[in-house]
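Provided herewith is a single structure, encoded as structure tokens, for subsequent inquiry.
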Amino acid sequence: MKVLRNVAAAALATAWFAVHAPAVAAPAHNEVKLTYGVNEVKLGKMSLRIVRGMVANGTASSFDTFTVYLMPDGVGDPWLQVTTSTPKGLGYNFRNYESGDANTQAVAFYVEGNHLFAVQATKVGPSADAQGARKTPFDFEVVRFNENEDIPLFKSDSEQRSKGQYVDGRDAIGHEFFGR
């Protein structure tokens, strides 16, 4: 009887913790660490290039861009740009937005199950107040590469709001998607 009570108590404690534990998104295990310049990503027989560049504008609001290409099988064949969906049609790259030394929008890429995803974190609410940047939730949009060799594009996979509040989109992605 004593063993049965201990088992029941342990089960009850586990159930309580599962309901009351802080919720954090499961981290993606295979972040694509991007350097400035050309980065290669292999998906089975497909080869992609993610070009990371910076747009300098002489202010604290310089930002990174990320352009993705599907590589051809033959030398001299065209690189196909992997487009993105936007509210106004097709987009041609992903980009961070910086304001007041914090990324109000940040982008990262990861591979899971041999599929390429991009996650874009966008700050919800005002990006800064009179005292400087403040913590707010972020909205995450996850898009997945469609692996179509004729019309390669990223399609919407899921949307969610961050569990925590952050000043910078890179921190939001790092904590909630990559467990950093």
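The values are calculated or read from the model by the stated rules, or taken from the named source; none is laboratory data. For clarity, every value in this text was computed on a predicted model and none was experimentally measured. SASA here: full protein model, heavy atoms, side chains in, ligands and nucleic acids out. Shrake-Rupley method; radii C 1.70, N 1.55, O 1.52, S 1.80 Å.
Cα extents of region 56-114 along the three principal axes, largest first, in whole Å?
Computed over region 56-114, the largest-to-smallest principal extents equal 45, 30, 23 Å.
Moving to a separate point now. Sort His175, His115 by accessible area with a 1.4 Å probe, largest first.
Largest accessible area first, the residues go His175, His115.
Please say if region 27-74 is rounded, prolate or oblate, where rounded means a/c under 1.5 for a ≥ b ≥ c the square roots of the C-alpha gyration tensor eigenvalues, and otherwise the choice is prolate for a/b larger than b/c and oblate otherwise?
Oblate, because a/c is 1.5 or more while a/b does not exceed b/c.
Can you give the Rg/Rh ratio of region 45-180, where Rg is from the C-alpha atoms and Rh is the Kirkwood radius? Mind showing how you got there, number by number?
Values: Rg = 16.1 Å, Rh = 16.0 Å.
Answer for region 45-180: 1.01.
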